[in-house]
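Below: one structure, written as structure tokens.
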Amino acid sequence: MQILEVAEFFGFSPQNEKFDKFLSSYDISERPVFNETPMEDISKEGLVLWFHTDRFYKDAHGPVHDSDGDMVLSKIQAYSENNGSGLCRYMGILPFGLTFENTLTEAITKLGEPSNNHRSGPHNHVYSWANIQGYRVALCFIPEGKSVSFFSLSPKGI
């Protein structure tokens, strides 16, 4: 499953017929629905698909693309083996020429200066870019920016 292939479903609920078929083609049977928690996830082979309420999505990213369900795809995260979450490494290709082995300097060369950065836990640091080809991109680096712990992609927002 390639990240930009999944990103075509931002703003769609997993109950959408086309998205449902896509998920089923990767043997994913779970379909998040709202159960008192405004976010749910599906994990598969180093990828985590994050679903938020349609209201959150509208406020953060703009209109949803269907009304088949109350949870819509809003973020994709891909993990390296250095993630500390117990997830396996995503074996697909990261978008925009990035790799898990990139340093912060290499990421800046490829994406430009980040628009935001903050600590993630006691040691890691997250850098984000607000608009890379219509997406918000975030990279969480292990200490000293030596390699990527996880890559995150979401719609750029409104």
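The values are calculated or read from the model by the stated rules, or taken from the named source; none is laboratory data. Keep in mind it's a predicted model, so treat the numbers as computed, not measured. Heads up, the Cβs are rebuilt from the backbone with ideal geometry, glycines too, and the neighbour counts pull from every protein chain shown. Just so you know, the surface numbers come from the protein's heavy atoms only, side chains and all, with ligands and any DNA or RNA stripped out. Shrake-Rupley method; radii C 1.70, N 1.55, O 1.52, S 1.80 Å.
Rounded to the nearest 20 debye, the dipole magnitude of the chain is 440 debye, with +1 charges on Lys and Arg beta carbons, -1 on Asp and Glu beta carbons, and the Cα centre as origin.
Taking all protein chains into account, the per residue accessible area for the chain stands at 52 Å² (1.4 Å probe). The value for the stretch 1-155 of Rg(Cα) / (2.2 N^0.38 Å) is 1.03. Relative protection proxy for 137-143, 107-113, 4-10, from highest mean packing down: 137-143, 4-10, 107-113 (other beta-carbon atoms within 10 angstrom).
Here the spin labels are modelled as points 7 Å beyond Cα on the Cα-Cβ line, and at residue 130 and residue 45 they lie 3.6 nm apart. Note on the chain: with neighbouring protein chains present and a 1.4 Å probe, carbon and sulfur make up 50 percent of its accessible heavy-atom surface.
Ranked by the mean number of other Cβ atoms within 10 Å per residue, highest first, peptides 48-61, 29-42 order as 48-61, 29-42.
Each label point was placed 7 Å from the Cα along the Cα-to-Cβ direction; for residue 35 and residue 120 their separation is 2.7 nm.
The relative contact order of the chain comes to 22 percent, based on Cα pairs under 8 Å that sit 6 or more residues apart.
For a label point 7 angstrom out from the Cα of residue 56 toward its Cβ, which stretches of the stretch 79-105 have the backbone nitrogen within less than 20 Å? Only 79, 85 fall inside the zone, counting backbone N under 20 Å. Approximating the spin labels as points 7 Å out from Cα along Cα→Cβ, the residue 106-to-residue 66 distance works out to 3.8 nm.
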